[in-house]
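Report on one structure; see the data block that follows.
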Amino acid sequence: MAASVTHLVVGEKILQQYYPDASVEVQGAFLAGCMLVDVHAFNPIDRRVTHFVGRVEEDGESAYLQSCVYFLNHLDMLLCAPWKELKPSGRSFAAGYLCHLAVDECWKKQGALLFKKLGIQSWTDFPVPGDVGLTAFDFLSKDELMDAIALDTLLAQITIPDVFTHVPGKMFVRQWEIIRNYVFMRGNPEAHFQMLELAGWSKQDIAFTRQKYHIFWEKSLTFMEQFVGVEPFLKEGIERSQQVMPRLFGHNFDHG
């Protein structure tokens, strides 16, 4: 999965395409949807519930081909009310959720390509620890934001709609409480450690993680720039999001 700042960067681009004149509430809900799907990271819920698929090493190509398809095909079951009965902010939150899944599909596809290129079988064989690599990519992604000040204004006013049946709304709220400062700090490692503390990690585990970041941070930055490529990946994530969004709205798009 891509991390929250990476999702924010893609979400900003899609926001400008679909919601340029929407209210602060609607725009904020869309960005929340983009960032908060990874509730399995800090809550007792499985990633197959939130993303509908597993990892590449578990599901193969389905891991990067089926998340958006499942979401779109089962939308009526996933929503707590029919689409047309949702408030505009609820629809935009659902749209952000789909955008998140689209970006994650690209991340998993990129992972599969890297596995083949590096001759490895899973993320555990990766040249740098996965968590450090994700944070490094987030840290690099922040430079692709178009208007960080305007985004922070929206983020400060986020209200999270409760619209889904498969993930309790309180989990999204809790996720935002945990990652909020990390998002504002744009992938700063120190903010990452603070996030782990908010999530209830022990001092011992956080100290171990700090040491891991101290060892691998610079190597992770270099690896992510050279082997993944921030700009190409973000471009792919935007394009995939643009492919699936029309299927959500059909021909009667109403951004509210």
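Counting only Cα atoms, the size of segment 1-104 along its three principal axes is 42, 29, 25 Å, in decreasing order. Only Cα sites of segment 25-65 enter the Debye sum here, all with the same form factor; the resulting log10 I(q)/I(0) across q = 0.16, 0.17, 0.19, 0.35 1/Å is -0.52, -0.57, -0.66, -1.04, listed in q order. For the chain, the fraction of C-alpha pairs farther apart than 25 angstrom is 40 percent.
Of the Cα atoms belonging to segment 38-170, the radius of gyration and Dmax stand at 16.7, 49 Å. Counting every other Cβ atom within 10 Å of each residue's Cβ, C99, C80, C34, C68 order from fewest to most as C80, C68, C34, C99. Taking 7 Å steps out from each Cα toward its Cβ at H74 and A148 produces label points 3.9 nm apart.
Per-residue extension of 0.36 nm, minus the Cα-Cα distance of A207 and R48, leaves a gain of 54.2 nm for this segment.
Measuring against 21 Å, Cα to Cα, the residue pairs K116/K142; K13/K142; K142/K219; K142/K203 contain K116/K142; K142/K203 as the ones spanning a longer distance. With labels modelled as points extended 7 Å from the Cα through the Cβ direction, what inter-label distance (nm, one decimal) is found for E197 paired with E239? Placing both labels 7 Å beyond Cα along the Cβ direction yields 4.2 nm.
Stretched out straight at 0.36 nm per residue, the stretch from E218 to S122 would grow longer than its current Cα-Cα span by 32.4 nm. Distance from the C-alpha centroid of segment 157-204 to that of segment 17-60: 12 Å, rounded to the whole angstrom.
Each residue in V37, V230, V56, V49 was given a count of other beta-carbon atoms within 10 angstrom of its own, and listing them fewest first yields V49, V230, V56, V37.
Taking the helices alone, the chain has a mean residue ellipticity at 222 nm of -20000 deg cm²/dmol, built from -39,500 (n - 2.57) per DSSP H run of at least 4 residues and averaged over all its residues.
Laboratory data are not the source of any read-out in this text; all were calculated from the coordinates shown. Everything quoted here is computed from the prediction, not taken from an experiment. Virtual Cβ from ideal backbone geometry, glycine too; neighbours counted across all protein chains shown.
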